Structures are given as C-alpha cells and as structure tokens.
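Remarks on the structure that follows.
The values are calculated or read from the model by the stated rules, or taken from the named source; none is laboratory data. Treat the numbers as computed from the prediction; the structure is a model and nothing was measured. Cβ atoms come from the backbone with ideal geometry, glycine included; neighbour counts cover every protein chain shown.
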Amino acid sequence: MAPKVTAITTFNRKGLEQYGRTAIGSFLQHWPSAVDLVVYSEGFDLEPAARVRSISLNGAAPRLVTFKNHYSKQPMAAGHTKTGYDYNFDAVRFAHKMFAMFAAAATLDTDYLVWLDGDVVTQADVPESFIPEIMEGVFAAYLGRKGMHSETGFLCFDLRHPEAKPFFETMERIYLTGELFKLNAWHDCEVFDVTRTVFEAQGKIRTRDLSADLETLDPFSESCLSAYMSHFKGQPKTEDGAAGQGRIETMNNPRRYEQILRLIEAFKPETIVEVGTWNGRRAIEMARHGLRFGTSIRYTGYDLFEAATPENDSEELNGKSSVTLAAVDAALSAFETANPGFSYRLIRGNSLETLEEQSADFCFIDGGHACETIAHDFSKLRDSKVVVFDDYYLDGADTDAFGCNKLLEAIPHLVLPVTDRFSNGLAIALAVTASPEKLAKIRSLFPHATGKSL
Ligand SMILES: C[S@@+](CC[C@H](N)C(=O)[O-])C[C@H]1O[C@@H](n2cnc3c(N)ncnc32)[C@H](O)[C@@H]1O
C-alpha cells in the first residue's frame, strides 16, 4: 500500500487572509488527492472541505499556551534585543510552528508528515511519487544553507522511523526546559538543526538536504521543490517600482526567468535546447509551460554534470553546486512519465566538446559564462529560431571576460526588461536573438526591452 502523506501548516486569522487561502487553494489544486492538509489554526475555524481541516493550535498544543504565557511577558524572548528587533531571538513567534509539529507528530495517523509554511504556494502538480522519492532511506528531508540555519519553509519526516518520537520529544524538551535560550538563535530552524545534527552524529537518523546550492540564501527556489512550489517568505510578492522606466529590478530573488515562459507561450516550441541544465528545474518549468500550448516537446540538455571541477567552475564563473546526471535524469524521467508529450536527452561534458550543430525552435544558453564559451555555444545553435542568453550583465561583471554582451554587440538582439540585481552589485538580464520578424514580436511582448534590434 502506498505510504500515507499528510501536510500540515499553521497561521492566524490575518495570515489566513493574507496568504493562507491562496496556499490552501493551491494545495487542493496540485497535491495528490490522497494527501490531506491539516491547518493548526489560531483564532479561526475553516469551513469544512474535503482534504482540508483545521484544528485549534491552542487546543492541540496546551504546552504552547504555557510556554507563551511564561515568555511573552519577557520582551527579550520575543526578539526585542538591546539593538532592536531581531527575528533570531523571537522564541515566541516561531514556537507556534514547532508546537504544531509536535502535536501533529504525536496525534496524526500518517506515514510521512510534511511541514509547509503558511505562505508556501503550490503551482504545479506534485507527483504521487515525489514525497516517497525524496524520503527514500532517510528520516527527514530539509533545506540546508551553508554557514547559516536551514530554511524550514518545507520539512518532511518519516513518522514510522523508530527515532521519530524521541526526535520530536527532544525538540519539545528544548523549549520546555528553557535550553532554547542557550542556543545561538531561538527559532525553530536552530532547534531543528541542533536536534538533527545530534541525532545524526549519534548514528540514529539519516537525513536528506534538498538544497542544490548551499551558497544561496534562498535554497527553496534552488531545490527540486521549486518545480512544484514557491515560498514567498520575505520575498516581494509584487513588483511595482521602476515600471515607468520599463525596467523591473529584484534583489536576490531571480525573476528574469519568468520572461522565458512568456517567450515559450508566444513561440510554442517543439524542440528546446538548454546549455547548462544544472538540476533540471528550468527544463521542467519550460516543458510544463510549453505543453500547455502544444502537444509535444523534445528537450536536449547539456551540462558538465560530474565533469565539473573547481578549475572549470572558476573559468566559467559557475556559482552553482554540481549535480549528477543520474539525479537530473531521475527528475526528468518522472516528468516524462507524467507528461507523455515530453521526451528528453541529457548530454554530459564540456559544451565546447559536446554541443552538436543544430537548429531548434528554442534555445537557452546558460552554461559556461566565459565569453568564448558563450560565443562557441551560440555558433552551434545560431540557426535556431529563438536563442535566449542568460547572463547579459548590466552591472558588476567584467563583460570583456564573461557574459554575452560582447558577442551581441554585432548581432541584432533584445535585452528583456526584468533585471535581477544582487546584493554583491551584479545586475543580470536575459537577451534574445531571433529573425527580425520574431524580434519584432518579442518587442511587442516586452515593449520596454532594449538593445540592438534591426
Ligand atoms: C547557471 S547554471 C544553469 C542554470 C539553469 N539553466 C537554470 O536556469 O536553472 C550553469 C550550468 O552550466 C554548467 N556549465 C558550466 N560550464 C559549462 C560548460 N563549459 N559546458 C557544459 N556545462 C557547463 C554548470 O555545470 C551549471 O550546471
């Protein structure tokens, strides 16, 4: 029998209106019909619906009430430090989530317990096999960050594991004994990380870090989860500024890729080539979108995969961690099974050696970032109908050495308007080349695009 999966979350009445209803609606639309959602509610009851029920958090977790009664009178325990508010020390706020998990782990009849922050929105169908696959052989799956606490917007636990009960009891004890206040930070992430690390070190559990890029501050959108869900924590939900100037900029939350989907919608490609497949999430995103408008997509992806070395990472200004071909193959194969119109090929190695001359309906050049590599990759794909380049640098990069700026000086192109501007000063846009007719169509889609289009 398939293992039972239950997702849980918590929010208060304000959260329900701000993001909760959207999150619940998206859950109902995209999670498998066998997966239920339990909302640990603060101050409201949900109208009854199949697969979603609310349970009063205070009723389910009386020890949370004791904890809050005691500590909410102490400003320090609510993050009010001598130098102002610091979420790292807001023990009270982040306790809700933990006590909801303790209550769920102790009472729900389920095999896998999935935690979703209240502002996680599911935007694509989650395959039934997804949770069992990421949980294969482990007690917990989570999103790690290097040199920083984990991102706990998503967590998954196997409640059948013999250490499940001791694990949750240990975390609860950290709160109830006040040991929490000896930790480096007083939020749920720290409690989870400390408990996980100790249980792992004692050989009691194995866990899976779903982050594909440990350097990022936003591991959610750099993980396999991003194919199905987005976590809006601390991220701007809407863009407004600079619209009058035709250029929308974001900080540390890349948005330029959404424009690729608009191009896919406009040109409905049947063949897609991506140089720089990385973890396969863009392949899936492009294919999923394309299949809404056409019946078939053949995708070919090129990447170094295991052939990546520290040397070629630095030559190509590659900031992503390397992924194995087998891992990406597994993800694309699951997508192919669920979407019969999709087929794919993955080619491992340096594109300077592996990229075949071909003409595709749509190409995304996002492999090596050295000017020579981009020029080479384009030379093999130049007869394609639409070629999109990541890495058109507007700021913060040496464009004589990296990016597509130099190559495009002599080629009609458009630079798309959404720019990602990062805290290290880097500002990146997408650029596109195509026939004059297609460039005219792209300009009508993006009236604020700039660049040399003839
Ligand atoms: C920025 S990531 C690609 C991200 C992906 N296109 C996306 O949108 O999520 C760049 C990828 O290019 C690969 N890469 C870098 N240099 C390469 C080369 N010379 N040949 C093939 N792949 C390369 C890296 O291994 C890395 O996975």
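Below is a table of values for the structure above.
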quantity: Residue list for the stretch 1-34, restricted to those being under 21 Å from Leu113 (Cβ atoms), free of Cβ contacts under 8 Å to residues at least 60 places away in the same chain and surrounded by 13 or more Cβ atoms within 10 Å (Cβ to Cβ); calculated: Ile24, Leu28
quantity: Every pair of residues 6+ apart whose Cβ atoms lie under 8 Å, when the first sits in the stretch 288-311 and is over 17 Å from Ile365 (Cα atoms) and at pLDDT below 85 while the second is within 13 Å of the ligand (Cβ to nearest atom) and among the basic types (Lys, Arg); calculated: Ala307/Arg348
quantity: Residue check, Thr337 loosely packed, with under 14 Cβ neighbours inside 10 Å and β-branched (Val, Ile, Thr); calculated: yes
quantity: Conditions (1) in contact with a helix residue (DSSP H, G or I) (Cβ under 6 Å, 6 or more places away or on another chain); (2) of a type outside the set (Lys, Arg); (3) within 22 Å of Glu258 (Cα to Cα); number of the one not met by Asp420; calculated: (1)
quantity: Those residues of the stretch 261-285 which are assigned to a helix (DSSP H, G or I), in contact with a Gly (Cβ under 9 Å, 6 or more places away or on another chain) and surrounded by 21 or more Cβ atoms within 10 Å (Cβ to Cβ), in sequence order; calculated: Ile264, Arg282, Ala283
quantity: Members of the stretch 404-425 that are over 17 Å from Cys371 (Cα atoms), at pLDDT 80 or above and polar (S, T, N, Q); calculated: Thr419
quantity: First in the stretch 365-376 and touching a residue at least 60 places away in the same chain (Cβ under 8 Å), second anywhere and in a helix (DSSP H, G or I) and not charged (D, E, K, R), Cβ under 6 Å, 6 or more apart; calculated: Gly367/Ser351
quantity: Condition check for Asp390: in the same structural domain as Ser314 (by TED's automatic domain parsing) and either in contact with a Leu (Cβ under 8 Å, 6 or more places away or on another chain) or within 24 Å of Met286 (Cα to Cα) (or both); calculated: yes
quantity: Listing of strands (runs of 3 or more DSSP E) fully contained in the stretch 316-402 that carry 2 or more residues being more than 22 Å from the chain's Cα centre (by Cα) and within 11 Å of the ligand (Cβ to nearest atom); calculated: 342-348
quantity: Selection count, the stretch 25-53, where residues are among the aromatic types (Phe, Trp, Tyr), farther than 13 Å from Met229 by Cβ and at pLDDT 95 or above; calculated: 1
quantity: The stretch 286-309: number of residues that are buried (at least 17 other Cβ atoms within 10 Å of the Cβ) and either within 10 Å of the ligand (Cβ to nearest atom) or assigned to a loop (DSSP other than H, G, I, E, B) (or both); calculated: 7
